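I have placed the structure first, in the form of structure tokens, so that the comments after it can refer back to it.
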């Protein structure tokens, strides 16, 4: 039996115009689209063909989702599995693709705009500010969800004082802020973005000491990203990559290779202390 390829497509944070060009093409061509109704703005489905079958997966368990994917592929349908944000984060991609591979169904992945990136863009902040934070920790907490690995406690991450992105954490925000306050300080900036880029978007600004009260007053219960860190203050050093003192002669060597003016460790916009 020959199966069509199942396409896992990152639907982005929700807004219909934050899908990639490839994503919109795959969605428009699909005969069957499975989508996460809990997190997706319905406008994103406007890219679907009028005749496409749309299946909301919020009421389905993993077995039923994979069954629909396999049956669709076996029937010769062009199948798209939409996931919120980017498939590389909290999308259940691993378990779905393992099962598809076991069933002999080919699959591929199209990335999407992650929700944390949309949240940071909404407030106009870079999460990696020179001399302040050069790392971003993307993590979640455990409530009614899979257990976290013992080595990935929030306290261990907080000790790095890196920019912190908390997913699936909005219902426990008070306890989490209490846990990280010894490392970040009560006055450390925090931003909560509910339904980033969607019509019901809500942005809350506060600190480690005050954000829980703001969240409780707003009554937020899901679909929110919590950003924590001093990079949110938009204060710090400046990137060596653009420093006027950096030698820019010979930026590209023969054959397009990196020359003396373009060190390998700076090609991705990395920064370092000047002086």
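The values are calculated or read from the model by the stated rules, or taken from the named source; none is laboratory data. A quick note: this is a predicted structure, and the numbers were derived from the prediction, not measured. A quick note on method: Cβ atoms are made from the backbone with ideal geometry, for glycine too, and the neighbour counts reach across all protein chains shown.
Checked against (1) without any contact (Cβ under 8 Å) to a residue 40 or more places away in the chain; (2) within 21 Å of residue 122 (Cα to Cα), residue 215 passes all but a single condition, namely (1). The sole residue among 123, 137 that is in the same structural domain as residue 221 (by TED's automatic domain parsing) and either surrounded by fewer than 18 Cβ atoms within 10 Å (Cβ to Cβ) or modelled with pLDDT under 95 (or both) is 123. When the stretch 75-101 is filtered for residues that are at pLDDT below 95, farther than 10 Å from residue 10 by Cβ and either assigned to a helix (DSSP H, G or I) or in contact with a strand residue (DSSP E or B) (Cβ under 7 Å, 6 or more places away or on another chain) (or both), only 90 remains.
Annotation note: Cβ proximity below 8 Å between a residue of the stretch 84-110 that is outside the structural domain of residue 56 (by TED's automatic domain parsing) and at positive phi and a residue that is at pLDDT below 95 and assigned to a loop (DSSP other than H, G, I, E, B) (sequence gap 6+ or interchain) occurs for no pair. With respect to being more than 25 Å from residue 163 (Cβ to Cβ) and touching a helix residue (DSSP H, G or I) at 6+ places or on another chain (Cβ under 6 Å), residue 70 falls outside the description. Does residue 27 fit the bill of being under 19 Å from residue 146 (Cα atoms) and either modelled with pLDDT of 95 or more or surrounded by 13 or more Cβ atoms within 10 Å (Cβ to Cβ) (or both)? Here the answer is no, as residue 27 does not meet what is asked.
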